[in-house]
Amino acid sequence: MTENYSEKFESDSPERTESIAGNFAMTLKPPAFVALNGPLGAGKTKFSSGIIRFFCGNLNPTSPTFSIMNRYSCMEVAINHFDFYRLKTVLDLENCGFFDSLSGENITIAEWTDIIGIDYKKFAEKGYYTVNIDIKTGGKEGNEKRFIKIEKIL
Ligand SMILES: Nc1ncnc2c1ncn2[C@@H]1O[C@H](COP(=O)(O)OP(=O)(O)OP(=O)(O)O)[C@@H](O)[C@H]1O
Ligand SMILES: [Mg+2]
C-alpha cells in the first residue's frame, strides 16, 4: 500500500463488504489501528469480520457491543476488535485496554471511534487507517448500497 492511501468502494451486499475488507486486510501489517465509523447498521461489524477472517480463517466474529472487546489470537497476528458505542470518556478507553492494545504487535479494530473525540493518530503512529461507511438510502430495504471510504492517515 502506498503512503498516501485513500480508496472508495460501493458495496451492494454484506458479502461484498466482507470481501472489500479482506482485500484491505491483505495490506495490513502489525502494529495497525483501523477506526470504523458510520451509522447504526452500516456494516462496521461486517467489515471487521472481513479483516478478522482474512487473518484467522473461517470463524464468525460477533459484535463486541456488549463485551466491548473481543480478542482473536491467530497464527501470525493478534486482533483486538473493540466497539466504543457504550463508552463515554478517555478513562473508559484506558480501562478497557484500548491504549495498551495499540502498543503491541497487534492489529486493533474499533467501531464508533468518533464517539470519543481524541486524536487517535497520536496513539497509533505507525499504521492508522479510517474506514467510513455510509448507507445509500432508497435501495431495497435491508440491502441498501454502502459507500465505503478507506484512508490511511499520515
Ligand atoms: N452492502 C452491505 N454491507 C454490509 N452490510 C449490509 C449490506 N447490505 C445489507 N447489510 C446488512 O446490514 C447489517 C450490518 O450490520 P453490522 O452489524 O455489520 O453493522 P454495524 O455498523 O456494525 O452496526 P452497529 O452500529 O450496531 O455496530 C447486516 O444485517 C447486513 O446483513
Ligand atoms: Mg457493529
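The values are calculated or read from the model by the stated rules, or taken from the named source; none is laboratory data. These numbers come from a predicted model, not from an experiment. Every residue, glycine as well, gets a Cβ built from its backbone with ideal geometry; the counts of neighbours run over all protein chains shown. When the accessible area is computed, the model is the full protein with side chains, heavy atoms only, and any ligands, DNA or RNA have been set aside. Shrake-Rupley method; radii C 1.70, N 1.55, O 1.52, S 1.80 Å.
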Can you give me the number of residues within the range 7-59 that are buried (at least 18 other Cβ atoms within 10 Å of the Cβ), more than 17 Å from Phe82 (Cβ to Cβ) and within 14 Å of the chain's Cα centre (by Cα)? 6
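Give me a count of the residues in the range 3-19 that are more than 16 Å from ligand 2 (Cβ to nearest atom) and touching a residue at least 40 places away in the same chain (Cβ under 8 Å).
From the range 3-19, those more than 16 Å from ligand 2 (Cβ to nearest atom) are 3-10, 12-13, 15-16, 19; that's our starting set.
Narrowing the set further to residues that are touching a residue at least 40 places away in the same chain (Cβ under 8 Å) leaves 3-10, 12-13.
Result for the range 3-19: 10.
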Would you say Ala21 is of a type in the set (Gly, Ala, Ser) and assigned to a helix (DSSP H, G or I)? yes
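I want to confirm something. Restricting to the range 99-119 and keeping residues that are under 14 Å from Pro31 (Cβ atoms) and assigned to a loop (DSSP other than H, G, I, E, B), which single residue is most open to solvent (accessible area, probe 1.4 Å)? Don't jump to the end; show me each part of the working.
Initial filter on the range 99-119 (under 14 Å from Pro31 (Cβ atoms)): 99-110.
If we keep only those that are assigned to a loop (DSSP other than H, G, I, E, B) too, we end up with 104-105.
Numbers: Gly104: 25, Glu105: 126 Å².
The extreme case among them is Glu105.
The rows are residues; the columns are (1) outside any helix (DSSP H, G or I); (2) not hydroxyl-bearing (Ser, Thr, Tyr).
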{"position": "Glu15", "(1), (2)": "no, yes"}
{"position": "Ser49", "(1), (2)": "no, no"}
{"position": "Arg53", "(1), (2)": "no, yes"}
{"position": "Phe66", "(1), (2)": "yes, yes"}
{"position": "Ile79", "(1), (2)": "yes, yes"}
{"position": "Lys88", "(1), (2)": "yes, yes"}
Could you list, in sequence order, all residues of the range 46-61 that are within 13 Å of ligand 2 (Cβ to nearest atom) and over 16 Å from Asn23 (Cα atoms)? Pro61
So Ile68 clears everything in (1) open to solvent by less than 20 Å² (accessible area, probe 1.4 Å); (2) aliphatic (A, V, I, L, M); (3) more than 9 Å from ligand 1 (Cβ to nearest atom) except one condition, right? Which one? (1)
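Open to solvent by 50 Å² or more (accessible area, probe 1.4 Å), within 13 Å of the chain's Cα centre (by Cα) and either without any contact (Cβ under 8 Å) to a residue 12 or more places away in the chain or more than 10 Å from ligand 1 (Cβ to nearest atom) (or both), is that true of Met75?
On the way: open to solvent by 50 Å² or more (accessible area, probe 1.4 Å): yes; within 13 Å of the chain's Cα centre (by Cα): no; either without any contact (Cβ under 8 Å) to a residue 12 or more places away in the chain or more than 10 Å from ligand 1 (Cβ to nearest atom) (or both): yes.
Taking the combined requirement at face value, the residue does not satisfy it.
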Would you confirm whether any residue within the range 30-45 is in contact with a Gly (Cβ under 8 Å, 6 or more places away or on another chain), in a strand (DSSP E or B) and under 20 Å from Phe98 (Cα atoms)? yes
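Residues checked against (1) modelled with pLDDT under 95; (2) touching a strand residue (DSSP E or B) at 6+ places or on another chain (Cβ under 9 Å); (3) farther than 26 Å from Lys145 by Cα:
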position: Glu10; (1), (2), (3): no, yes, no
position: Phe33; (1), (2), (3): no, yes, no
position: Leu36; (1), (2), (3): no, yes, no
position: Gly50; (1), (2), (3): no, no, no
position: Phe54; (1), (2), (3): no, no, no
position: Thr65; (1), (2), (3): yes, yes, no
position: Arg71; (1), (2), (3): no, yes, yes
position: Glu76; (1), (2), (3): yes, no, yes
For the range 32-46, which positions are more than 18 Å from Asn106 (Cα to Cα), in contact (Cβ under 8 Å) with a residue 40 or more places away in the chain and not basic (Lys, Arg)? Asn37, Gly38, Pro39, Gly41, Ala42, Gly43, Thr45
